[in-house]
Amino acid sequence: MQRKKRTEILINGAREIPARLAEQIYERYEVNTIEQPNNGLVMTKLRETAKKSLFYLGEVFITECKVQINNVIGLGIVKGHEPELAYQLAVIDAAYRAELKETASWSEVLIAEEEAIRRKRTLRQSKILQTKVNFETMDDGE
Amino acid sequence: MGYVAVKGGTQAIEESIQRLKYERVKKGKVMEVDSIVCGMRGLIDQVMSESSLYSETLAAIAIKQAEGNPEEAVFLMRAYRSTLPRKHYSRTVLSDDMRVERRISASFKDIPGGQILGATTDFIHRLIDFDLMDETEEDAKQWLHAFECQVEEEGPDKTDLNKLPKVLDYLRAEGLISECQEDDEEPEDVTRTSLNFPASRSERLQVLTRGQTGAVTAFAYAVIRGYGQLHPTVGELRIGDLPVCIDNPIGDSDPDDAYYIGEIKVTEVEMLIPVTIEKEHGRKEIEFDIGYGICYGQNETKAIAMGILDNSLNTDHPEFPSQDQEFVLFHIDSVEATGFVSHLKMPHYVTFQSKLDSVRKTRRNRNEEREGENR
């Protein structure tokens, strides 16, 4: 599973999933923390739709962490102050980069969680769509 | 006359700071940060937008410390932001990727995907709800349960709110607004370099989106009241979450290899402004210009006002102050405007004494002249 999809599921899904996956790694391997979870900023670059040019919308407060497993570096980065999650994301990232055997079984877990997220979003969407306007043309009185 | 440093007042200042805390806690109750996050969405969105820093929790702490005063909360956020390292730039965020929760058009009744009202104050009567005096958390939970139970499975409307077509695309396809190519010029950053005029489009949009809500709204109101030549209509207003990703720092820029970091809620507006274009042989045609507005959170008035000002400032020959880049962009920043105005209450003993001396001297000279005439 590619990184973007993986990180999206890990961040938006149930918190116990990144916790569980990271635990499988730090219980069996030596994990060196290169950069403790710390706060910083990501500047958001946006393409506006009037002239299709680029500009900076503003910064997002994030937590970032870097770890090393078997000489391979993993990065965890997430919006907000989330030191535990940033660490778990970094461990999972390093595990994937180092191609540890544990990662082979993770796809199944992540795909199941992706489906749970999709279901939740579909229900939310259905509820929002109840606010869609159903226009009726008014009678002109004749 | 230069500035003269003075000492004194340390004890009074320390006691004044204690007194400020006293004012915040004197009734023996404190607001929990979590309560501010849960119940002050509008203020949090405004503070995040004006401070140009997206974090509901930080905004809530700043609001608590500032006792609900937005200008002070924005100041706190900007000050804290200046202590943090900028670790990454995001991949280009596209509003086409928005997970929409509200989307309307004032220009077209029938838009592809429909008019989706979402959560809005547009249709409430603005009558104070006195029941809120006695609202409990239990009441809120019960209401929430009933509200969420109304939808337990997918409804009949299968509109995909992640892929709503843009009203502008519809107009571009009809040739009613001019087609334009993507402009990939790297944006300038007003937080890194000082603003010079004429400002680039990227600088203008950045200053407008972090502008003080009241100031941006007031200038836009002036434009449409007569200090400008705009007759704008909301082409499309949408609110929703935009995913933010960064490139893999130790890889290439493959979008699938990027790190997803979370989502930010924004309000985006495209304003349609009719303009007369002179074609060949003096033939005149009406086309539409677009004004673009976007800001953090749900702040529709600010986004609409930004769209109006974006278009108003897009002229080389300003006729009104509201079309003058320096007049607008230098005066809408919350920290700069409130900072400069409020600094007037800080000690100006020396400069004021100097002015007083001048007044006395002028009067003395005049009195001497009068006495000379009377002799």
request  = Equivalent ellipsoid semi-axes for chain B, as square roots of 5 times the alpha carbon gyration tensor eigenvalues: give them largest first, rounded to whole Å.
outcome  = 43, 33, 22
Per-residue ³J(HN,Hα) for the range B:179-194, Karplus 6.51 cos²θ - 1.76 cosθ + 1.60, θ = phi - 60°, Hz, x for Gly and Pro = 6, 9, 8, 5, 9, 9, 4, 4, x, 8, 10, 5, 7, 10, 10, 5
task = Return B:CYS180, B:CYS149 ranked ascending by Cβ neighbour count within 10 Å, so the fewest neighbours appear first.
result = B:CYS149, B:CYS180
task = Return the long-range amide H neighbours of B:VAL275 (sequence gap of 5 or more, or a different chain), with a cut-off of under 5 Å between placed amide H atoms.
result = B:GLU287, B:PHE288, B:ASP289
inquiry  = Could you work out the pair-distance distribution P(r) of chain A from its alpha-carbon pairs, with 5 angstrom bin width and percents rounded to whole numbers?
reply    = 2, 9, 15, 16, 14, 13, 10, 7, 5, 3, 2, 2, 1, 1, 1, 0, 0
message = I'd like to verify something in chain A: which complete DSSP H helices, judged by Cα projection on the helix axis, reach 20 Å or more and average at least -0.5 on the Kyte-Doolittle scale?
response = A:83-97
inquiry  = Need one number: the % of Cα-Cα pairs in the range A:35-114 sitting beyond the 22 Å mark.
reply    = 43 percent
Radius 14 Å from Cβ of A:ARG28, net charge of other residues (Lys, Arg +1; Asp, Glu -1) = -2
key: Percent of Cα pairs exceeding the 19 Å cut-off, where the set is the range B:11-81   = 35 percent
message = Using a 10 Å cut-off around each Cβ, can you sort B:THR267, A:THR122, B:THR315 from fewest to most neighbouring Cβ atoms?
response = B:THR315, A:THR122, B:THR267
ask   = Stokes-Einstein at 20 °C, 1.002 mPa s, Kirkwood radius from Cα pairs: D for the protein assembly as shown in µm² s⁻¹?
value = 81 µm²/s
ask   = In degrees from 0 to 90, rounded to the nearest 10, what is the angle of the helix B:137-149 Cα long axis to the longest principal axis of chain B?
value = 30 degrees
Folded to 0 to 90 degrees: helix B:41-51 orientation relative to chain B principal axis, Cα = 60 degrees
query = In sequence order, what are the phi-derived ³J(HN,Hα) couplings for the range A:39-53 according to the Karplus relation 6.51 cos²θ - 1.76 cosθ + 1.60 with θ = phi - 60°, rounded to whole Hz, with x for glycine and proline?
reply = 8, x, 10, 10, 7, 8, 9, 10, 9, 7, 9, 7, 10, 6, 9
ask   = To the nearest 10 degrees, how steep is helix B:213-225 against the longest Cα principal axis of chain B, on a 0 to 90 scale?
value = 80 degrees
key: Using θ = phi - 60° and Karplus 6.51 cos²θ - 1.76 cosθ + 1.60, couplings along the range B:207-212 (whole Hz; Gly, Pro as x)   = 5, 5, 5, 9, x, 5
query = Let a ≥ b ≥ c be the square roots of the eigenvalues of the Cα gyration tensor of the range A:10-57; is it rounded (a/c under 1.5), or, if not, prolate (a/b larger than b/c) or oblate?
reply = prolate
key: Packing-based exposure ordering (other Cβ within 10 Å, fewest first) of A:TRP106, B:TRP143   = B:TRP143, A:TRP106
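We did not get these values from a lab; they are worked out from the coordinates using the rules stated. Predicted model, so just to flag it, every value in this text is computed and none were measured. Don't worry about glycine lacking a Cβ; one is built from the backbone with ideal geometry, like all the others, and counts go over all protein chains shown.
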